Each structure stands twice: as C-alpha cells, then as structure tokens.
Amino acid sequence: MGEAIVITSGKGGVGKTTTSANLGTALALQGKKVCLVDTDIGLRNLDVVMGLENRIIYDLVDVIQGRCKIHQALVKDKRFEDLLYLLPAAQTTDKSAVQPEQMKELIDQLKQDYDYIIIDCPAGIEQGYKNAVAGADKAIVVTTPEVSAVRDADRIIGLLEKEENIEPPKLIINRIRNHMMKSGDMLDVDEITTHLSIDLIGIVADDDEVIKASNHGEPIALNPNSKASIAYRNIARRILGESIPLQPLEENGKGVFSKLKKFFGVR
Amino acid sequence: MKKRPNVTIKGTKDGLTLHLDDLCSYQDLKRELDSKLSAGYRAHEDRQLIPVRVQSGNRYLSPEQKEELRALIRQKKNLVVDSIESNVLTLEEADKLHEERQIITVARMVRSGQILEVPGDLLLIGDVNPGGTVMAAGNIFIMGSLKGIAHAGCKGDDQAVIAASSMKPAQLRISDCYNRAPDHIKSEEKHEMECAYIDQNRHIVVDRLQSLIHLRPDLTRLEGGR
C-alpha cells in the first residue's frame, strides 16, 4: 500500500508542477514505483514538463467517467524501467467534471500498485483543490520567499489542517535567491518557517537550469550536477525517511576555514 | 401566628426597596403590591420621582413577569423602577454568564482566512497570521505574535483590552472603535509585550503591557490571596 502526497500552494506560479515532476523523478531514481497525477483539469501541464505530452491517449476524466481502465490512461516514462507513470489531466473539460469522492476512489486504487502517488494540485482553493486533496495522505506546501506566496501558503495550511485524513503538511521554499535574502530584500528561510510554523522539508535555489530543463521536457532532477537537482533529490530522500541536513545556500569554494567555523557552530 | 406581609417596603436614602416574599403565589403578590402602593403613597406631595429597587428573593421572575411588575409600579404616580433583583438564575443564564466570564484557552495558529471567536476572554497560545482574525466578547491575550486582526469586546465592551507578546497587528478593534497599523512600520521596532485599550477620547491606544495594571485593575480576578 503506497502513500499519496499532494503538492499544493494556493498561489499559482510558485512551482507546484515543477516540484511534482522533480519529486516524482527523484523518487523513481531512488527505485520507488511512482505515479504522478495531474489534477489541474483544463490547464494541464505536468505532461509537458515531463516531456510526455505526445503520448497521452486517455486522461483522468476518461478514467473517472469509465471510458477506459486506469492502466490504459497511465503514460509510462521511458527513462525509467517501469517505475514512473503519469496520469494526465483532461484538457477539454473543467474541474467540475470530477468529484472529490471519485478522486479518492481513484487514488486508493492507485495506492495498491504504487509506492508513491504524487498529486499535482491546481492553484486556488476551489473545486480543483478539493479534488486534489481528497485522496491524499500527506501534503507538501510549496511557497516562494514572497509575501503574497507566503500569505496564500498560510491560507492553504489552514485548510489542510482541517482535513482529517492528511498528516500535518510539510513546507518547500522554492526559488530562493541567496543574494536577495542576504540583503534583506526577500523573506529569509527562518522568517518563513516561523511565520508558517510547519516543518520545512526542503529549500530549492532559483536556478535557470530548472526552466531550461522544463522547456525540454526533462525534469532537472535527472541532471545530477545542478543545485536544484540535488535539492529535489534531497527532498525525495527526506520523504523516504532519511535525515539529510539542508544544503547550504552559499556559493561553494569558501575554503577550509569557513567550513571549520561552521563545524564548530561559530558564525 | 400572624402572617408576614408578602410585600415589605423599606425607605433608603436612595429611594425605596421593595422586598417581595418568595413563597406566596404570584397572583397574591401582585394584588398585595397593588393595594400597598395605592394605599401608602398616594399622600406624597412632592412630585419628585422616587427610584424603586425590587428584590424578589428566591423567586424566579420571567421577563414577562418583570415587565408586569414594572408596569404596575410605574402606574403609581411618582415611582419608577430602577432595578429588579433576584437570587435565582435560569440554567441558561448561568451558563451564559459563566461563558462570558471565563478565559478560553486555545492552542493553535490562526491562519489567513480563519476566524476564531470566543464568548469570554481569549487566551491564544500561537500566532495570528496576516489575514487571520480573532474575536472575543471580553479581552484578548495572545502569547504569540499578533499580525492579523484582533477584535476585543466585540459585543460592545469598551473596557476590553488586547495584549500580545508581539504586537504587529493589521488592525485592532475594541468594541466599536478601530485602528489600523501605520502604512510603514520600521522593522527594527520590536513591539514586544504590548497592550491596546480605549482611552478617554475613544481612541485605541497601544502601550506597554504593564500600564494595564493601573488602567484596568478589574483584570485581576484573584480574590484575597497573599
């Protein structure tokens, strides 16, 4: 029996889809059987980020309305041997085509066959959000170091805390620009975590490579050299229960002395 | 044994006090009250209004009965009812009174879009985030930081106060007064351990917590003690 994790944020454009794609990929790299579910019906794009757009035959609405079996709609990611699948959203209908109970049933069914179900939630707190959280066991809230994103994350966390079947949500802070945090022009990690007062599961630096990779339909997690990739892989390992310290945001190559200082906890 | 009168009238320097017997029937009581008031006080010459306090002892008077007694007494030219007191409360009233007086402790975050409302005083262990609202009929005490909206005395209690470990509210409301944060707060200002109350000009003032000791001595509920 696997577990279903919903990736949500409230605000749009903070990186839910990118996070879903990369966490799914990183979990598959760890040898887990993963199914990505895009619940953004009408505005799907997880398939594009994954580079699987042209393989879609059936979609989530087809499954729910009984036009096909689940396995017919699942798109297999060729880069992995039978580990990573995508259930794409429909593009022609809208969010009201699906009810939360149907969604829960579908996720429960998927949990039989997969270790992890990663549910990509649409922006907003309406029907689409309700569908996305209906079948989830865990939740990850994605935010960026902007006041508006943090405000919406706060709202979403409040809503998630009311859901009885979901564990307390975890936080990912995405698109961190180190120089702006240092100069105080952006909220810093501590500020955001104390404000939202939930557990931090990872931070991801703002990295042009992420956008490049998404545009090529190759999740950045596949590229082992990028900082963002390491961040996503670390988050995946934390999901698997390993305890890994947060990656330092500073640029590399500061010398042995600063590392020593850090080791002894001197600032 | 001579029967005690059902209605005893006592004069005080503030007016009259009517002691009503609580064992006789309500009908008897009304009849006797009517006759006593008509007989004894017709002769009053000065036209000054005399305030009357009614004490009904252990008799429960329904709102209708209270109104009836008020009307009955008001008919007598220069009497006006000041208050009707009884030793008896209905369970409902007692519960409500208890609710209004107790401090309700809540341990949670009040997040954006959430409203937390309590009938008495609120003791919040946690923060009120921007976009969140806490409301209380009484006072509000926040152990964390207040960054959203707090409305104390929301049923109209001007004496209510708001206190917070970190006072950075979007808005403060007490009774029907309200006050918003300045548009530009200097981030170096800490605003720790502060309180807000309504001053003589009916403005909400933010001050250090300790000033409440003198401004609102009624906040102390400890009786006796050492």
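The values are calculated or read from the model by the stated rules, or taken from the named source; none is laboratory data. This one's a predicted model, so the numbers in the text were calculated from it and none came from an experiment. Note that we place each Cβ from the backbone using ideal geometry, even for glycine, and neighbour counts take in every protein chain shown.
Descriptive notes on the structure:
- Taking the criterion of being surrounded by 10 or more Cβ atoms within 10 Å (Cβ to Cβ) and farther than 23 Å from B:Lys190 by Cβ, the residues of region B:204-219 that qualify are B:Arg216, B:Leu219.
- Checked against (1) surrounded by fewer than 18 Cβ atoms within 10 Å (Cβ to Cβ); (2) at pLDDT below 90; (3) not in a helix (DSSP H, G or I), A:Met186 passes all but condition (1).
- The number of residues in region B:119-136 being away from chain A (no Cβ under 14 Å) and either crowded, with 22+ Cβ neighbours inside 10 Å or modelled with pLDDT under 95 (or both) comes to 5.
- One residue stands out among those in region A:115-129 that are of a type in the set (D, E, K, R) and touching a residue at least 40 places away in the same chain (Cβ under 8 Å): the one that is farthest from the other protein chains (Cβ to nearest Cβ), which is A:Asp115.
- Matching entry among A:Arg175, A:Arg155 (being under 16 Å from the mean Cα position of the chain (by Cα) and basic (Lys, Arg)): A:Arg175
- Among the residues here, A:Ala213 qualifies as free of Cβ contacts under 8 Å to residues at least 60 places away in the same chain, outside any loop (DSSP other than H, G, I, E, B) and of a type in the set (A, V, I, L, M, F, W, C).
- Residue selected from region A:130-150 under the condition surrounded by fewer than 23 Cβ atoms within 10 Å (Cβ to Cβ) and touching a residue at least 60 places away in the same chain (Cβ under 8 Å), by the criterion farthest from A:Thr8 (Cα to Cα): A:Ser148
- The one condition in (1) crowded, with 20+ Cβ neighbours inside 10 Å; (2) within 14 Å of chain A (Cβ to nearest Cβ); (3) small (Gly, Ala, Ser); (4) out of contact with any helix residue (DSSP H, G or I) (no Cβ under 7 Å at 6 or more places or on another chain) that B:Gly153 fails to fulfil: (2)
- Residue match in region B:89-108 (condition: farther than 30 Å from B:Asp34 by Cβ, surrounded by 17 or more Cβ atoms within 10 Å (Cβ to Cβ) and within 14 Å of chain A (Cβ to nearest Cβ)): no
- Complete set of residues in region A:123-165 that are outside any helix (DSSP H, G or I), modelled with pLDDT of 95 or more, touching a Leu at 6+ places or on another chain (Cβ under 8 Å) and over 17 Å from A:Val204 (Cβ atoms): A:Ala139
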